[in-house]
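Peer 1: Before I ask anything, let me first share the structure, which is written out below as structure tokens.
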Amino acid sequence: MMFSMVDLLFYTITDGKEMIPFSQFISALRKTGLLPSDPRLRHGIRQMRQSAHDSSGPVMIDKKLFRRCVGNNVILLTNAFRKHFIIPDFEQFTLQINKIYESAKHQEGGQVADYIPQLAKFSPDLWGVSLCTVDGQRHNVGDTKIPFCMQSCVKPLEYAIALHELGSERVHRFVGKEPSGFKFNKLSLNEEDKPHNPMVNAGAIVISSLIKVTSKILFKEVQLINKYIQTRLSRCSFQSERETGDRNYAIGYYLKEKKCFPQNADMMAALDFYFQLCSIEVTCESGSVMAATLANGGICPITGDRVLSAEAVRNTLSLMHSCGMYDFSGQFAFHVGLPAKSGVSGAVLLVVPNVMGMMCWSPPLDRLGNSVRGIHFCQDLVSYFSFHNYDNLRHFNKKHDPRRRSDDDPNKSVVNLMFAAYSGDVSALRRFALSAVDMEQRDYDSRTALHVAAAEGHQEAVIFLTEICKVNPLGKDRWGNTPLDDAMQFGHGVVVSILQKYQNEYTEKHSSSSSEEHSAALDSMKSSL
Ligand code: GLU
């Protein structure tokens, strides 16, 4: 019987069992970082749940049900369970995130913004952190389901959408690329009479006039970024922003006087659009998916949709890096070394390019307008993990790097395989098989994993390598011994009989079928990944 990839995946998840409860399947899934609510998995999980309703007692997942529900999620789940996601040990990683979260929780101080009631209403104790990796692994800790307004965190998204729609050249005809050195809402332009950058109010207001020109549908773009998680406009915040927006109106008139808007632009409409953008409500959970879209070059990790061009994202990240954190931007770039944007609601949108996006939210703000806990969290994050843009990743570094290392190095794969066989770690062997590792490869003594498992007397490992992986039992090591010889020499009776039986079947089969057929089957199994 040839083992299919789906079966191999099933047994990797169940750790070799023929069936497991549905709840156990979900917790195995969560450990990889995938949530059952993930839009990519939703359909299959619904089908499994459906069977729960149809059967009495706890729902068990067996091979048949798994095959029926797994659909086109085989690749996703295979990558998850063979630890091929960007953060392979997600559980360990999130434990550390929780510790950093807890440490920031104890940070007192700061003032909740109170210029509008929609911000003043929040308790200073609220604190949430969500993250989403470029593979769609997700983690939430604290108050991550409470909606809050994006405020200035929307500026990078607005800028990215403008770049995506209009191109960099057109957008930068109207706005600069330099930090201003002034407060975010200062009435000030650069030497060319353009707003300094898209992250200050003047820049965002001009850009809202550009987007408005091409797109009349208010939330279309922002919602696109987050198709499956609803964002909504807080009408109350919008009204309040309008009523208290004297400074922004002043900026609007100043921009108009200096001819900063494109021809025929409606300044009042641009301001309204800007206020509306600031009043878009998200939660930490949904905000982290937006940040992850920026981390992932414009492709939303949980839907696979390309929502922004790679160039738009690169430009956005560059300006977040230099101008995203108000008058703390230089220090943030120095200490944290990551693109981020904060808002007066206490939100910090943080991007670790090519790894993950995060949304931190805690209303009390420091003197410069950044969330006290948010800043503390970001600093602790990069002092523990080597996420700073200029952290050295090639040489020894005291910091931790949770990213997946490339395991292309063939020597490493032999060592890992041998070590799993030596310690009888069948789960690891299963993972290697699922990753299309060559289970027959040999070490410098010409020994295979089967030699090692047989010499150590690990029955389960021997059964897995023979019955499931169908490895050749006849290979001889440099001393001329087969795995069976090893099992005999070290007196492992049960393994001896397993190997004798397998060896007979193997020789019989291989004298009848050609060996080319076998390797063709193996090849097709590998390429199906
Ligand atoms: N609505 C605020 C303003 O335009 C945004 C403030 C902020 O988050 O920086 O003044």
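Peer 1: With the checklist (1) assigned to a helix (DSSP H, G or I); (2) more than 17 Å from M199 (Cβ to Cβ) in hand, flag the one item M320 doesn't pass.
Peer 2: For M320, the failing item is (2).
Peer 1: So in segment 109-132, with the set limited to residues that are of a type in the set (S, T, N, Q) and outside any strand (DSSP E or B), which one is farthest from the ligand (Cβ to nearest atom)?
Peer 2: S123
Peer 1: From the list L294, L224, L218, which residue is more than 16 Å from the ligand (Cβ to nearest atom), under 31 Å from the mean Cα position of the chain (by Cα) and at pLDDT 95 or above?
Peer 2: L294
Peer 1: Same structure again: Looking at segment 354-383, which of its residues are basic (K, R) and within 16 Å of the ligand (Cβ to nearest atom)?
Peer 2: R367
Peer 1: Failed condition for S342, given (1) out of contact with any strand residue (DSSP E or B) (no Cβ under 6 Å at 6 or more places or on another chain); (2) within 16 Å of the ligand (Cβ to nearest atom); (3) among the hydroxyl-bearing types (S, T, Y), with all others met?
Peer 2: Going through (1) out of contact with any strand residue (DSSP E or B) (no Cβ under 6 Å at 6 or more places or on another chain); (2) within 16 Å of the ligand (Cβ to nearest atom); (3) among the hydroxyl-bearing types (S, T, Y) one by one, S342 breaks only (1).
Peer 1: Which number in (1) within 16 Å of the ligand (Cβ to nearest atom); (2) farther than 19 Å from V307 by Cβ; (3) at pLDDT below 95 marks the one condition that M199 misses?
Peer 2: Result: M199 passes all but (3).
Peer 1: Shifting gears a bit: For segment 477-494, which positions are farther than 30 Å from D7 by Cα, not in a helix (DSSP H, G or I) and not aromatic (F, W, Y)?
Peer 2: Answer for segment 477-494, where residues must be farther than 30 Å from D7 by Cα, not in a helix (DSSP H, G or I) and not aromatic (F, W, Y): D477, R478, G480, N481, G491.
Peer 1: List the residue pairs whose Cβ atoms are under 8 Å apart, where the first residue sits in segment 489-513 and is under 14 Å from P473 (Cβ atoms), the second is assigned to a helix (DSSP H, G or I) and of a type in the set (D, E), and the two are 6 or more positions apart or on different chains.
Peer 2: From segment 489-513, the pairs are Y502/E467.
Peer 1: What do you reckon, is Y254 within 15 Å of the ligand (Cβ to nearest atom), crowded, with 24+ Cβ neighbours inside 10 Å and assigned to a helix (DSSP H, G or I)?
Peer 2: Considered against the rule, which asks whether it is within 15 Å of the ligand (Cβ to nearest atom), crowded, with 24+ Cβ neighbours inside 10 Å and assigned to a helix (DSSP H, G or I), Y254 comes out as no.
Peer 1: Separate question: Evaluate segment 307-325: report whether one residue or more is surrounded by fewer than 24 Cβ atoms within 10 Å (Cβ to Cβ), within 15 Å of the ligand (Cβ to nearest atom) and not charged (D, E, K, R).
Peer 2: Checking segment 307-325: not a single residue is surrounded by fewer than 24 Cβ atoms within 10 Å (Cβ to Cβ), within 15 Å of the ligand (Cβ to nearest atom) and not charged (D, E, K, R).
Peer 1: Give me the residue from segment 142-183 that is away from the ligand (no atom under 16 Å from the Cβ) and at positive phi and, out of that set, nearest to the chain's Cα centre (by Cα).
Peer 2: G142
Peer 1: Are there helices (runs of 4 or more DSSP H) fully within segment 133-219 with at least 3 residues that are in contact with a strand residue (DSSP E or B) (Cβ under 7 Å, 6 or more places away or on another chain) and either buried (at least 20 other Cβ atoms within 10 Å of the Cβ) or not basic (K, R) (or both)? List them.
Peer 2: In segment 133-219, the matching helices (runs of 4 or more DSSP H) lie at 154-166.
Peer 1: Between a first residue in segment 291-310 that is under 16 Å from G167 (Cα atoms) and touching a residue at least 60 places away in the same chain (Cβ under 8 Å) and a second residue that is in a loop (DSSP other than H, G, I, E, B) and polar (S, T, N, Q), which pairs have beta carbons less than 7 Å apart while being 6 or more apart in sequence or on different chains?
Peer 2: G298/S309
Peer 1: Just the residues that are away from the ligand (no atom under 16 Å from the Cβ) and not small (G, A, S), please, taken from segment 269-289.
Peer 2: Across segment 269-289, the qualifying residues are T283, C284, E285, V289.
Peer 1: What are the pairs with Cβ atoms under 7 angstrom where one residue, in segment 175-191, is within 15 Å of V206 (Cβ to Cβ) and the other, located anywhere, is assigned to a loop (DSSP other than H, G, I, E, B) and of a type in the set (F, W, Y)? Sequence gap at least six, or different chains.
Peer 2: S188/F182
Peer 1: Restricted to segment 234-251, and to residues that are over 30 Å from V352 (Cβ atoms) and assigned to a loop (DSSP other than H, G, I, E, B), which residue is nearest to the ligand (Cβ to nearest atom)?
Peer 2: G245
Peer 1: Within segment 86-106, track down each residue that is exposed (fewer than 15 other Cβ atoms within 10 Å of the Cβ) and assigned to a helix (DSSP H, G or I).
Peer 2: E91, Q92, L95, N98, K99, E102, S103
Peer 1: Pairs needed: first member in segment 258-280, among the small types (G, A, S); second member anywhere, in a strand (DSSP E or B); C-beta distance under 9 Å; at least 6 residues apart or different chains.
Peer 2: Filtered contacts from segment 258-280: S279/C149; S279/L233.
The values are calculated or read from the model by the stated rules, or taken from the named source; none is laboratory data. Remember, it's a predicted structure, so these values are computed and weren't measured experimentally. Virtual Cβ from ideal backbone geometry, glycine too; neighbours counted across all protein chains shown.
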